[in-house]
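The values are calculated or read from the model by the stated rules, or taken from the named source; none is laboratory data. Just so we're clear, the structure is a prediction, and the values are computed from it rather than from any experiment. Positions of Cβ are backbone-derived with ideal geometry, glycine not excepted, and every protein chain shown enters the neighbour counts.
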Amino acid sequence: MKVIKRELFLLFQLLFLLITIGCNNKKDTHFSALPDSLFCEGDIVFRRGTGLVSRMILTTDKRGNYSHVGILVKDENQWKIVHAVPGEPNFKGDPDRVKMEDIEDFFSWEKAKTGIVMRMKDNEVGNVRAAKNAIRLFHSNILFDHKYNLQDSSKMYCTELIDYVFKQEGIDLTEGRRTQINVPGLNGTYILPNDILQNKQLSLIYYY
């Protein structure tokens, strides 16, 4: 009987250890080994999300592999990502809005299955200015656009934000591409991540 109890105790300890290791691994970002030297202000980051909204976007965009997009900025000498996102509050009562967060949070296992970093070629000055525009919108407390209205820039959704900050510098990321969606609750013309990603001036910096 004592032998059985001891074996059960050891088995319990082993299971606890495996669960603990698994949980700790899940906290790691996909970008844990990515050197800062690869980054430039204005790089565009795409991720394939894990939530319901991400699945809905990917269902409507048959050619696309990514459901969300943001822009890489430097704030107080730290790399951050500015993006417009719903359903990711930083505190109780935090509204859906344009956020600025650590790149590790943006690409965390909870939020991203896969991701890439892209850069507009031969456009360093414009890229940096686009990043500054994004920081300005973050500090302006721009809310998330749940109506997905491209004609109103007082609120913005993710791709609208990225398209907007570059367009302010005379750069048309989408080159006029739009996606028509006709599903219950979402009917109209929108910018999807793949509408941006098709730009041939975008070069791949990193992917996982």
Inset, instruction - Go through the range 136-159 and give me each residue that's more than 23 Å from LYS121 (Cβ to Cβ) and not in a loop (DSSP other than H, G, I, E, B). - result: ARG136, LEU137, PHE138, HIS139, LEU143, PHE144, LYS155, MET156
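Considering only the range 57-86, state which residues are small (Gly, Ala, Ser) and at pLDDT below 90.
Of the residues in the range 57-86, the ones small (Gly, Ala, Ser) are 64, 67, 70, 84.
Listed by number, the residues that qualify are GLY64, SER67.
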Inset, instruction - Identify the single condition in (1) modelled with pLDDT under 80; (2) touching a Leu at 6+ places or on another chain (Cβ under 7 Å) that PRO35 does not satisfy, given that it satisfies every other one. - result: (2)
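So which of VAL128, VAL165 is modelled with pLDDT of 95 or more, aliphatic (A, V, I, L, M), out of contact with any strand residue (DSSP E or B) (no Cβ under 7 Å at 6 or more places or on another chain) and under 23 Å from ASN77 (Cβ atoms)? Walk me through it before giving the result.
Details: VAL165 fails: out of contact with any strand residue (DSSP E or B) (no Cβ under 7 Å at 6 or more places or on another chain).
Every option except VAL128 fails the conditions.
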Inset, instruction - Name, by its number, the condition in (1) touching a Gly at 6+ places or on another chain (Cβ under 8 Å); (2) closer than 26 Å to GLU76 by Cα that does not hold for ILE135. - result: (1)
Legend entry - Sole exception among (1) within 23 Å of GLN180 (Cα to Cα); (2) of a type outside the set (Gly, Ala, Ser); (3) at pLDDT 90 or above for VAL53, by number: (3)
Legend entry - Criterion (of a type outside the set (Ser, Thr, Tyr), over 21 Å from ASN123 (Cβ atoms) and in contact (Cβ under 8 Å) with a residue 24 or more places away in the chain) met by exactly one of VAL165, VAL183: VAL183
Inset, instruction - Please work out if LYS113 is within 26 Å of LYS200 (Cα to Cα), at pLDDT below 95 and touching a helix residue (DSSP H, G or I) at 6+ places or on another chain (Cβ under 9 Å). - result: yes
Legend entry - The one condition in (1) at pLDDT below 95; (2) within 21 Å of GLU169 (Cα to Cα) that ASN90 fails to fulfil: (2)
Legend entry - Test result for VAL125, crowded, with 16+ Cβ neighbours inside 10 Å and closer than 26 Å to ASP36 by Cα: no
Inset, instruction - Hey, can you tell me all the residues within the range 163-208 that are part of a strand (DSSP E or B) and of a type outside the set (Ser, Thr, Tyr)? - result: GLN180, ILE181, ASN182, VAL183, LEU186, ASN187, GLY188, LEU202, LEU204, ILE205
